[in-house]
Every structure is written in structure tokens, then in C-alpha cells.
Amino acid sequence: MSAVADVPLRPHRGVTASGYLVCLGGIVWRESLRFLHQRGRFLSALVRPLVWLFIFAAGFRATLGVSIIPPYETYILYEVYIAPGLMAMIQLFNGLQSSLSMVYDREVGAMRILLVSPYPRWFLLVSKLVAGIAVSLLQVYAFLLVAYFWDVRPDDAMGYLYVLPALILTGFMLGAMGLAMSSVFKQLENFASVMNFVIFPMFFASSALYPLWRVQQSSEWLYYICTYNPFTHAVELIRFALYGQIEWTALAVVAGCSAVFLTAAVLAYDPSTGLTARRGGPDAAK
Amino acid sequence: MTAALSVEGVTHAFGSKKALDDVSLEAPAGAFTALVGQNGAGKTTLFSLITRLYNNRSGSIRVLGYDVRRTPAKALSQLGVVFQARTLDLELTVQQNLLYHAALHGIGRGEAKRRAEAALTRVNLAERAKDKVRALSGGQMRRVEIARALLHGPSLLLLDEPTTGLDIGSRRTLLEEVRRLIQQDGIGVLWATHLTDEIAAADRVVVLHQGKVMARGTPQELCARAKTEDVGAAFMSIVGETPEPRKASA
């Protein structure tokens, strides 16, 4: 037996203040490693919005006129209009994809390893969210870099910096939404179909592809759906932030939805209110 | 002395099916306790309650005296778990898997590396630290999971049917290593299994059947009760019996 083997593995000192940071760092580190190993995921996360930008926007540039609406002060190309929507789309996909990995994790048991950590469950879930946001920011800025060379860029280069807090907040909202949803599904198949039922309706019934006044012209009820769609507010928050402005309604909606979705996720993953409540307890047989 | 694990009067049901019915058992420190039961006996449900995947809403579960419901942080930091399903990240290296687990327990990078090396050496896999988990055999993966469970220096090691899918040689190695850990570190082990040949003479045995504790004691005591010399035969005989009345906590 070597000397190392004889070193006793003394009990660690348990939950500490600095341990919270170590725990958060570890979760973000693992998520980043996993992301780097999944090159296909990164590529598809990048190609998807670029297809919309290069093909869809180019095709529709002639047919869809965008009048001057805030935050724009001049006529803009359609590509410029849809860029914030595509950035939000990257985050929407990423948020749901992280949740997909939660469902997958739960199936292979890695989620169990996360949940037997002595740190509070809400903290573990928030850390998982932060890790997802970090990955989504990487994807969004990679998209912005390519878009820059396609002449899709904010008026002021500072826009890239201004948009960062907005992206963190929208990433938080969409990630928390995915997290709350993931707790409901036990199997990947269910979740895959929900992706279709969630992503596409959320994306199309929003201001991502067309301004809301355009929507109102064609359908009043669709306009209301778009107005109440949190994704619309995520898009608008990003759009205004790119131009150094704050859209207060969007900010309030995104912050409010983030709080609601996160609360739902924490409750769903809490052993006393979530899994146990649904999956059994001492009285379930009575 | 405080037991590494103490379960008292725990009942748990899923819908109309009672998975656990008034279960009480103890796993002392420095001893190997075999939780023996057939598939569906309630072993995994009990493990889920001990690890707080579900809350126990009746009875109490204590790890080294800490109640898992009231003081989950203290209880979970004393607990090392090897789940029935494989829980390693196949794309990451052995060391990366261990460092991630250490971070979940708030152990900083430098100390985590030292602990990872010590834990891997304990299961004779130190030289595989930089290999991807995917490259390991089933038995080696299990040993890495044991090393991972030991990283934070737990007082109690839970293993849920860890030999499932392993060949005879790997099973024997795994059992030998876990028994050596008990000698070396003095930790308590609760080993769930449906294979009675994994039980040794010095072990403590708890027989779980259809959610109820049917018997507990040394293998010799179980054999005497069933009037047989074979532990397997004793087990089969006992699960045909009616459950013993619940004992007051020790």
C-alpha cells in the first residue's frame, strides 16, 4: 500500500461560506467542459440563427418593410431587426437544452449526484442556471461576431457591452423556465415533443420576426398573445439594450417571470413539495 | 456510540403501493451491513429517502445522529453514495469526475486533487486518473464511483446493488475493497444486494421483503432461525415468514 493510500480521508468541514463559491464554480466548470465536448451542440447553436439571418432575413428583406420604431432612429435592414430575436432564440434553445440535459441527467443518475450535495437545493439549481447562462452567452457572442461581418451590428460598439446584463437576465428567465419544465417530465420523449410545442409557438408569437404593430394590423388576438408572451419582452429587452436603452416594461416582465419560474423550479425539485408530493409519501396508499 | 445510520419507523408509498412499511434498521460505524432483498423489496426507495431525493414524512432517518430532514446539510456531508445506476460522466476523465464531486462538497481545487489521488489509490485506480471514464471497464467504473463517494471523508457509505452487471472477479474485488475500507477508515457501510453470496460471516444482515423488515442479525443467527446452514436458503425461508414486530430503537 502506498503512502497516499494510507492518508486518511478526513471528513471535510461541511457547508462553509467559501464552499458556496467552490460549489458554484464546480458546476459551471463541469457544464463548460460538457459543452466543449459537444462540438455538434455548439455548431448547431450557431448555425440555427445564422440560417435565419443569412437566408430567411435576406429573402424577406424585400417583402417586409420595417418603419422607424424605437430604439431605431433610422430605417434599418430586416437583418438588423431580427438579430435581437435570434439572440433570444439562442438563449431559448440553450435554456431548454440545459433542461433536456437535466432530464437526461436524471435518467443516468448524474442529477442525483448533484442533489446529494450538502448545499441547499435552491443554490444547486441556481448554480445550474448560472452555468447554462454562461454557455448561452458564449453562443450569443459567437453569433454576434459572425453577424458583425454580415454588417449586422449596433450603432455603437458599446452596445455589445450594454447588452450583456440584458442577456444575463433573459438567459436567467429562459433557463429557469426550462428548469421548471424539466421537473415535470420524466422521459426524454415527452420533453422532445414539448420542445416543439414551446419553442416554436414562443418564437413565432413574439416580436422576434416582426414588429408588434405589424402583427396588430393582421390579427388583434395574435397581437395580444404576443404582448403577453414573456419571450417578446426578452427580445425587446435585448433590442433596446443593444442601443444603450432600457425598456422598462420588458425589464419588469423578464425579472418577474424569472422570479416566478425559479420559484416553480425550486418547489418542483424540493423533496418535501415536489418529487415527494407527486411520487408518494407515507399516506399515498391510504 | 452513535450509529452511522439509524432508520426508525419509516413508511413510504407510491400511489396505492406501499414501498416501505414501518422500516427500522441500523448500520453501525466500522461494520458491513448487508440490506438483502429481492427486486422490488424497497431497497432503492429506502436509499432515495436516506439521500433525500424524497422526504421521509414518517419516522426518522439519521446519519451519524443528524436527521436528514431537519439538518440535511450535516447529514448529507457525512454520506457517500454509490447509486444503482451509473452516475459518472463518460466524456470526462476520472479525475474531472472526482473534482466535480469535490466541488459539490465545497472542497477547493488543491485539496480536491490530493483527496482524489488518495481515494483513487484506495481503489487501486490512481494510474487511470487522466483516462476518460468511457475507457474503463464496468468494474473499474464502480470502483471510481466508490472513490468519488469517499472523497469528502463520509462516515457512512451507501451502495445500492453495486455489483449489478459485474463479472465474478470484479464482484470479488469490489467486495474486498469495500471491506478493506471499513478496516482502514472505520466507516459504516450499508450494502444493498439481492445476492446472498456477498454476505460474509462477520456481517450484519437486514432482510427486507415487500417493504417490511423481516429479520436482522448475523448470518449465523438467520441460519439458526431458519434451521439451515446456508444463508441463501435462510433468506428464502425468512421471506416466506410473517414480518417480525417492530423493535424499539436501539
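The values are calculated or read from the model by the stated rules, or taken from the named source; none is laboratory data. All values derive from a computational prediction rather than experimental measurement. Note: ideal-geometry Cβ built from the backbone for every residue, glycine included; neighbour counts use all protein chains shown. Only protein heavy atoms, including side chains, enter the accessible area calculation; ligands, DNA and RNA are left aside. Shrake-Rupley method; radii C 1.70, N 1.55, O 1.52, S 1.80 Å.
Summary of values
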{"item": "Sequence-separation-based contact order of segment A:18-271, relative, with Cα cut under 8 Å and 6+ spacing, percent", "result": "26"}
{"item": "Charged-residue dipole, Cβ positions (Lys, Arg, Asp, Glu), the protein assembly as shown about Cα centre, Debye nearest 20", "result": "700"}
{"item": "Nitroxide proxy distance, nm - points 7 Å out along Cα→Cβ at B:ASN39 and B:THR71", "result": "4.0"}
{"item": "In sequence order, calculated HN-Hα J values of segment A:10-20 (Karplus, 6.51, -1.76, 1.60; Hz; x Gly/Pro)", "result": "5, x, 5, 6, x, 6, 10, 4, 6, x, 4"}
{"item": "DSSP-defined beta bridges in the protein assembly as shown - what % are antiparallel, rounded to 5", "result": "55"}
{"item": "Average beta carbon contacts from partner chains per residue of B:8-17, 10 Å cutoff", "result": "4"}
{"item": "Dipole of segment A:18-271, positive end: most advanced residue of A:TYR81, A:TYR119, A:THR170 [Cβ charges, Cα centre]", "result": "A:TYR119"}
{"item": "Rel. contact order, % - alpha carbon contacts under 8 angstrom, at least six apart, segment B:88-153", "result": "47"}
{"item": "Prolate/oblate/rounded label for the protein assembly as shown (Cα gyration tensor, a/c 1.5)", "result": "prolate"}
{"item": "Shielding by partners, peptide A:18-27 (average Cβ within 10 angstrom, other chains)", "result": "5"}
{"item": "HN-Hα J in Hz across segment A:223-236 - Karplus 6.51, -1.76, 1.60, θ = phi - 60°, x for Gly and Pro", "result": "4, 5, 4, 4, 5, 8, 6, x, 5, 4, 5, 4, 4, 5"}
{"item": "Shielding by other protein chains, B:149-162, mean Cβ within 10 Å", "result": "2"}
{"item": "Cα long-axis angle, helix A:121-149 against chain A (0 to 90 degrees, to the nearest 10)", "result": "30"}
{"item": "Kyte-Doolittle mean at least 0.0, axial Cα span of 15 Å or more - DSSP H helices of chain B", "result": "B:94-104"}
{"item": "Protection-proxy order for peptides A:68-78, B:52-62, B:7-17, each taking the mean of Cβ atoms within 10 Å per residue, highest first", "result": "B:52-62, B:7-17, A:68-78"}
{"item": "Out-of-range pairs (alpha-carbon distance over 27 Å; input B:LYS17/B:LYS227; B:LYS74/B:LYS113; B:LYS43/B:LYS74; A:LYS128/B:LYS130; B:LYS74/B:LYS132; A:LYS128/B:LYS74)", "result": "B:LYS17/B:LYS227; B:LYS74/B:LYS132"}
{"item": "Accessible surface buried once B binds A (1.4 Å probe; total of both sides; Å²)", "result": "4500"}
{"item": "Long-range amide H partners of B:ALA19 with built H, under 5 Å", "result": "B:HIS12, B:ALA13, B:PHE14"}
{"item": "FRET efficiency for A:LEU43 and A:PHE200, using Cβ-Cβ distance with R0 set to 25 Å, rounded to 0.05", "result": "0.75"}
{"item": "Å² per residue, accessible surface of the protein assembly as shown at 1.4 Å", "result": "41"}
{"item": "Accessible surface of chain A, 1.4 Å probe, proportion on carbon and sulfur as whole %", "result": "68"}
{"item": "Residue-averaged 222 nm ellipticity for chain B, from DSSP H runs of 4+ at -39500 (n - 2.57), nearest 500", "result": "-10500 deg cm²/dmol"}
